[in-house]
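Note sheet for the following structure.
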Amino acid sequence: MEIHDGHDFTILIVDDTPKNLQLLGSTLKQNEYKVEFALDGEKALTWIEKKEFDLILLDVMMPGMSGFEVCEKIRKVQQYDDVPIIFLTAKVEKESILEGFELGAQDYVTKPFDIRELLARVKTQLEIRSNRKKLKEVNQWLEHQVRERTSQLTDVNKKLEDLNNELRLAVDNLQEKEIELSKALSDVRLLKEQVEAENIVLREEIMLEHNFEEIIGVSDTLRHALSKVERVAPTDTSVLIEGETGVGKELFARAIHHESPRKDRPLLKLSCAALPANLIESELFGYEKGAFTGAVKSQMGRFELADKGTIFLDEIGELPLELQVKLLRVIQNGEFERLGSPHTHKVDVRIIAATNRTLLNEVKEGRFREDLYFRLNVYPITVPPLRERKDDIPLLVNHFINRFNKKVGKSIDRIPQRTMRALMNYAWPGNIRELENIIERAMITSRSNTLVLSDKLDTAESGKNEDTRRPTLEELEKNYITDVLEETYWKIEGQDGAARILDMHPETLRSRMRKLDIRKPVRKQS
């Protein structure tokens, strides 16, 4: 199977300013992109009719047709319905940006250009387009393989049916041919087993393309854990999910359930650390009316409600010893009694347990039953901590930004490099949950479309004295103003100046810079 490698790209630049065309064209050519130019919308549409492009840089404000009108016409051309379009605009108003996205643009770059930002956005959109092409080719290849294997299996089944008919006829009429027909049947069985083995391999290949929607990441450690999920999900085997607090053990439990034959039945969760022992017992096994003070009516427990489904026992290491015996009986025999009732109930429930403790140490300390441990630990899955899957941090950050933009009413779409470096270098003792909280706080305090961290992330090595002091309001203000000044190349006044972005009068900004001791760095003479 051959897949297009996606490295040979052609870009169309549409701008009515020759200076911009020259700057963008030379920059892209230096980065080994092929480039064509158009000074207006009519010329751009002419190019579209006679040549195929991988990406279009489109100026918004042009004489004649605007960039928005050109974008709308391009999207009506069938072969350009998925070609990425990046708007070049001096406008940063939310309404203008939203209008561009509604017309089919994938991104925008503001003028004056930050060449590194533009190249990064161009590269990102081209990689996305290339990956989509690859995925399409892989899917077509898989569909072909499925059709081919299905056809082979149909043919083999037909042969098997024919040979079985021949065998029955031969046994009825010709006893002397029993040995010969037995050999033929054995050969057919072997062929059937080979075809079934091929189909098992094919199903595994298809499953590897599955996307667990709630689990974000592409790192090798995460992929290894997900591959174990894919293997165990179709079975009824008990699973023990191990991992630190905040790594997403519940998401793994949901993934196992949703990929299992029990997915149409309920998945019920109980945290063994959230309730006292007597409440845990009644929650798990239910109770009869009058079983204890306040039991005014009978109540089904989680095991009854989860019959034919799955139950997820979080923080299983916190389960009291006296309840571990009852849980062991359910795992072994599928039997239990409600509180206050001698009647035995039978259920068919798959158990997924999770813990942030090392249960084997709990067994050695006498806080966890050894027999229950081995019943639960049939198929262990370890969810890696965030510090071992640093490649996933940029994906998770963008995921949380997209989620919280709507929640906090922001449109943050820029992450400074030093901010991402700080996030990548941090040890994340609280894992993904801590990352999620830090991003949400940062988005609440950020005042523009740029993400500014409100937390001080200490990257000191473990064991050293750590400074856990939060930054002062003055430090946050100084860092934020400095970030905006760096974005505008220290330009204070004007349409694209820092004062306009900060919504300040230029003199007020200069006063704040003096008070906070913010100075433009002096470039050393070489």
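The values are calculated or read from the model by the stated rules, or taken from the named source; none is laboratory data. Predicted model only: the values in this text are computed from it and were never measured. A quick note on method: Cβ atoms are made from the backbone with ideal geometry, for glycine too, and the neighbour counts reach across all protein chains shown. Note: accessible area is taken over every heavy atom of the protein model, side chains too, but ligands, DNA and RNA are not part of it. Shrake-Rupley method; radii C 1.70, N 1.55, O 1.52, S 1.80 Å.
In nm², what is the average projected area of the convex hull enclosing the Cα atoms of the chain? Please list the in-between numbers first.
Numbers: hull surface 161.9 nm².
Seen from a random direction, the Cα hull of the chain projects 40.5 nm² on average.
Close amide H partners of Ile241, meaning residues 5 or more places away or on another chain with modelled amide H under 5 Å apart, are Ala353, Ala354, Thr355, Ile381. If you take the Cα centroid of segment 477-526 and the Cα centroid of segment 83-158, the two points sit 37 Å apart. Rounded, prolate or oblate: pick one for segment 1-147, where a ≥ b ≥ c are the square roots of the eigenvalues of its C-alpha gyration tensor, a/c under 1.5 means rounded, and failing that, prolate if a/b is larger than b/c, else oblate. Note, shape of segment 1-147 comes out prolate. What is the sum of charges, Lys and Arg at +1 and Asp and Glu at -1, for the other residues whose Cβ falls under 10 Å from the Cβ of Leu386? Within the 10 Å Cβ shell, the charges total 0.
Let's see if you can work this out: charge +1 on each Lys and Arg Cβ, -1 on each Asp and Glu Cβ, no other charges. What is the dipole magnitude of segment 314-454 about its Cα centre, in debye to the nearest 20? Write out the running numbers ahead of the final one.
Numbers: 23 positive and 18 negative charges, 152 e Å.
Charge dipole of segment 314-454: 720 debye, to the nearest 20.
By how many degrees, 0 to 90 and rounded to 10, does the Cα axis of helix 473-487 deviate from the longest principal axis of the chain? Helix 473-487 and the main axis of the chain meet at about 70 degrees. Backbone amide hydrogens, once placed in the peptide plane, bring Lys269 within less than 5 Å of Phe312, excluding anything fewer than 5 places away on its chain.
Between the helical axis of 178-207 and the longest alpha-carbon principal axis of the chain there is an angle of about 30 degrees.
Close amide H pairs (under 5 Å, H built 1.01 Å from N) link Leu55 with Thr10, Leu12, residues at least 5 positions away or on another chain. A 1.4 Å probe over all protein chains sorts Arg369, Arg338, Arg421, Arg375 by accessible area into Arg421, Arg375, Arg369, Arg338, starting with the largest.
Excluding ligands, DNA and RNA, what is the solvent-accessible area per residue of the chain at a probe of 1.4 Å, expressed in Å²?
Working: 30300 Å² over 526 residues.
It amounts to 58 Å² per residue over the chain.
Of all beta bridges DSSP finds with both residues in the chain, what is the antiparallel percent, to the nearest 5? Please list the in-between numbers first.
Details: 4 of 40 bridges.
That works out to approximately 10 percent antiparallel.
Computed from Cα positions, the angle between helix 41-50 and the longest principal axis of the chain comes to roughly 50 degrees. Please report the net charge: other residues with Cβ closer than 13 Å to the Cβ of Glu335, K and R +1, D and E -1. Result for the local shell: 0. Using the rule -39500 (n - 2.57) for each DSSP H run of four or more residues, divided by the residues of the chain, the 222 nm mean residue ellipticity is -16000 deg cm²/dmol. Computed from backbone phi with θ = phi - 60° and the Karplus coefficients 6.51, -1.76 and 1.60, the 3J(HN,Hα) list for segment 342-359 is x, 6, 8, 9, 10, 9, 10, 10, 8, 10, 10, 10, 9, 7, 9, 9, 8, 4 Hz; x is used for glycine and proline.
For the listed residue pairs Lys269/Lys346; Lys249/Lys410; Lys228/Lys364; Lys43/Lys133; Lys73/Lys406, the alpha carbons are over 24 angstrom apart in Lys249/Lys410; Lys228/Lys364; Lys43/Lys133; Lys73/Lys406. The residue among Ala499, Leu160, His345 whose Cα reaches farthest toward the positive pole of the charge dipole of the chain, with charges on the beta-carbon of Lys, Arg, Asp and Glu, is Ala499.
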